[in-house]
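Remarks on the structure that follows.
All of the numbers you see were taken from the coordinates with simple rules; none came from a lab. These numbers come from a predicted model, not from an experiment. Don't worry about glycine lacking a Cβ; one is built from the backbone with ideal geometry, like all the others, and counts go over all protein chains shown.
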Amino acid sequence: MTEVCVAFPALSAIEEGFEVFVVTDASGTFNKTTRDAAWFRMQAAGVQLMSWFGAACELHRDWRNDIEGLATLFSNHLPSYRCLINSYNHGKAAADT
């Protein structure tokens, strides 16, 4: 539960002086009101909220290192991203000919 299993350790880590990031779409709770209250509480304490997509891109840092790996991960989980990669690959293949 976001308001317990995420908020408590995040707030404790902030209290200990750590910089804390919470991946908001990696946990859930009963309803939107409860979720938002937990997010607002953490954010007010200094926790930085982000999505799994943002976290993955930030950890990856440089697309030149591994275009295929991260693109495959995104394509497997995001149909719209799969369309983008297919378009990129099609354009790249046409340019190579």
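Can you tell me the 0 to 90 degree angle between the C-alpha axis of helix 32-45 and the longest principal axis of the chain, rounded to 10? The helix 32-45 is inclined about 80 degrees to the chain. Label the chain by shape, choosing from rounded, prolate and oblate, from the square roots a ≥ b ≥ c of the eigenvalues of the Cα gyration tensor; if a/c is under 1.5 it is rounded, and otherwise prolate applies when a/b is larger than b/c, oblate when it is not. Prolate is the answer for the chain, as a/c is 1.5 or above and a/b outweighs b/c.
Remark: relative contact order (the chain) = 25 percent; criterion is Cα-Cα distance under 8 angstrom and separation of 6 or more residues.
Obtain the radius of gyration and the Kirkwood radius of region 1-50 from its C-alpha atoms and give Rg over Rh.
Result for region 1-50 is an Rg/Rh of 0.93.
Principal-axis analysis of the Cα atoms of the chain puts helix 79-96 at an angle of about 30° to the longest axis. A crude spin-label estimate for the pair F53 and K92, with each label 7 Å from Cα along the Cβ direction, gives 2.0 nm.
May I ask you to derive the relative contact order of region 1-52, considering only C-alpha pairs under 8 Å and at least 6 residues apart, and to give it as an integer percent?
The value is 49 percent.
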